[in-house]
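Enquirer: Let me give you the structure first, and then I'll get to my questions.
What follows draws every value from the coordinates through simple rules; no lab data is involved. None of the values given here were measured: they were computed from a predicted structure. Cβ atoms come from the backbone with ideal geometry, glycine included; neighbour counts cover every protein chain shown.
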Amino acid sequence: MKALVLSVFAAFAGLASPALADLQQVTSRDAFVALVDGKTLTRPLVKLKVLSNGQITGKGATWEISGEWAWKDGFLCRTLIWGGDDLGYNCQEIKSDGSRMRFTSDKGSGDSAEFSLR
């Protein structure tokens, strides 16, 4: 079941939205924290909090998500555990328009996932 949910998340991550051109790259830790501080990042079946202290918490489908993050060379670099599975370390490009945020793995050259900021 977990593999099926992960496949669904991967499929959603690959969907492009015509409004994505409005997103601007986030280039500093301070700008990133200002966007996520006190907010929940949401997408279908996923709710995350990215805390200013470097922690990530939340839930994806029915499984807990936890991790740590740091800002390095203009990218969000994170480790992530989802339902006990280590998703590894990855540095991601961040783009936002203030109400949406897109994370693109592999420093902007990999898969993307877009979240609403609530």
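Enquirer: Each residue of region 77-93 in turn: what ³J(HN,Hα) in whole Hz from Karplus with 6.51, -1.76, 1.60 and θ = phi - 60°, glycine and Pro shown as x?
Expert: For region 77-93, the Karplus-derived couplings read 10, 9, 10, 8, 10, 10, x, x, 8, 7, 8, x, 9, 7, 9, 10, 6 Hz, x marking Gly and Pro.
Enquirer: If r is the Cβ-Cβ distance from Asp73 to Asp37 and R0 is 30 Å, what FRET efficiency results, to the nearest 0.05?
Expert: After rounding to 0.05, the efficiency reads 0.85.
Enquirer: Need the list of lysines near Lys95 for cross-linking: C-alpha distance under 20 angstrom, and skip anything on the same chain fewer than eight residues off.
Expert: Lys39, Lys47, Lys49, Lys72, Lys107
Enquirer: Could you size up the charge dipole of region 65-118 around its Cα centre, putting +1 on the beta carbon of Lys and Arg and -1 on that of Asp and Glu, and report it in debye to the nearest 20?
Expert: 240 debye
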